[in-house]
Amino acid sequence: MHNGCLYRKCLKTYMMKFNNILVERKNALAQVTINRPKKLNALNSETIHELSEAFQTLEKDGDIKVIILTGSGDKAFVAGADISEFAHFSVEEGAKLARKGQEILFNLIQNLSKPAIAAINGFALGGGLELAMSCHFRIASDNAKMGLPEVSLGVIPGYGGTQRLSQLVGKGKAMELILTAGMISAEDAKNCGLVNHVSAPEDLLALAQKLADKIMRNSSVAISGAIKSVNANFEVGVNGFDVEIEEFDNCFGTQDFKEGTTAFLEKRKPNFPGN
Ligand code: COA
C-alpha cells in the first residue's frame, strides 16, 4: 500500500519503470517512493542504482521543479542499507560500497539543482536516515523513528551519516545518536533540527506537497543558486561567501530576475520562465 491516497489520485506514473521504486508526477512535482515494503524499504544495491537513475532523469527534466522522496507502506521510510547484501563483504568491498553509494546517490541528491524533500513516513535508520539527510530538508510523520544504528552491527555509517548528522544537529547530539545506536522520535528529531515539521501520518504527503507548492511559486534558477550557495558552506576548501556572490551575480542575467522584479514593480504575481 501507498501512503496518502487522496494526494495520490492526482499523481500519474512517470515513464520510468523500476523494480524497487515508483516514480510519479503531478505537474511540476515528482514523487519517488522506495517500494520494498516487505523489507521495510531497505536499500539493496539495485534500489540504490534505480534511485540514482531516477534522480538523474528528474534532474534533467526541465518540467520537474520539486521532488518528494518517501517510502512505501505505513511502517518505514527506509530501515537501512540491506544488511543481507553486505554482511559477508571484505574491507575492499566495504570501501567500494560506501564510495560508490555516496557518489551515485547521496551526493547526487545533495547537489541536485532542484529541491528534494524527504517525507519520512516511519523508520529511517542507517542508510535510510542518511538518504533523508542528503535531501534538502525533511518532514516526518509523528510515528517515525530515526537513528544511525550502525555501531550495533559493528560498522559505522558509510553514506555520509557521520558528516550530515553533525551538520544538521551539532557534534554532541550526533555523537550521542551514533555512539548509542539509539532511535529518536519524530518530535525529538524536530527539536534537534533533524526534521523541520511533524504531521499525522495521513497528512504527511499533503504537507510535503504544500511545501513543494510554496517552493514552486519562486524562481527555479534562483532556487538552484540558493541550494548551491547553502551547500557551499559545508564543502571543505570552498568559500561559501564567494559562491554566494557568484550565484547572486548570475541571477542578474536571468529572465527570472527580470520577471520577478518587474512583477513586483507592476504589483502583480510573477510568472517565472525558469531561465
Ligand atoms: N536490511 C535488510 N533487511 C531488513 C532491514 C535491513 N536494514 N531492515 C528490515 N529488514 C527486513 C527484515 O529482515 C524482515 O525481513 P523478513 O521478513 O524476510 O525476515 C523485514 O524487513 C521486516 O523487518 P522486521 O525486523 O521483522 O520488522 P520489525 O518491526 O520487527 O523491526 C526494525 C523493525 C526496523 C526495528 C528492524 O527491522 C531493524 O532493526 N532493522 C535493521 C535496522 C538497521 O540496523 N539499519 C541499519 C543498517 S546499516
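The fewest-to-most ranking of ASP63, ASP188 by surrounding Cβ atoms within 10 Å reads ASP63, ASP188. Would you work out if region 49-109 is rounded, prolate or oblate? Take a ≥ b ≥ c from the square roots of the eigenvalues of the alpha-carbon gyration tensor; rounded if a/c is under 1.5, else prolate when a/b is larger than b/c, oblate otherwise. In terms of gyration-tensor shape, oblate. Using only the Cα atoms of the chain, build the gyration tensor, take square roots of its eigenvalues as a ≥ b ≥ c, and label the shape rounded, prolate or oblate: rounded if a/c is under 1.5, else prolate if a/b is larger than b/c, else oblate. Prolate, because a/c is 1.5 or more and a/b exceeds b/c.
Would you give the gap between the C-alpha center of region 213-262 and the C-alpha center of region 8-80, rounded to a whole Å? Using only Cα atoms, the two centres lie 26 Å from each other. Cβ-to-Cβ counts within 10 Å put LEU129, LEU105 in ascending order as LEU105, LEU129, the fewest first. Ordered by the number of other Cβ atoms lying within 10 Å of each residue's own Cβ, fewest first, ARG99, ARG36 fall into the sequence ARG99, ARG36.
Loop-located GluC sites (Glu not before Pro) across region 191-275 with a Cβ neighbour count of 12 or fewer within 10 Å are GLU235, GLU266, with loop assigned by DSSP. Cross-link check: pairs LYS26/LYS258; LYS114/LYS173; LYS39/LYS145; LYS26/LYS269; LYS210/LYS258 evaluated at a Cα-Cα cut-off of 18 Å; pairs beyond the cut-off: LYS26/LYS258; LYS114/LYS173; LYS26/LYS269; LYS210/LYS258.
Judged by the mean number of other Cβ atoms found within 10 Å, the most tightly packed of the peptides 134-147, 112-125, 221-234 leads the ranking 112-125, 134-147, 221-234.
Based on DSSP H segments of at least four residues, each scored -39500 (n - 2.57), the chain has a per-residue ellipticity at 222 nm of -12500 deg cm²/dmol.
Read-outs: derived from the displayed coordinates by stated rules, not from any lab. A quick note: this is a predicted structure, and the numbers were derived from the prediction, not measured. Using ideal geometry, Cβ is built from the backbone for each residue, glycine included, and neighbour counts are taken over all protein chains shown.
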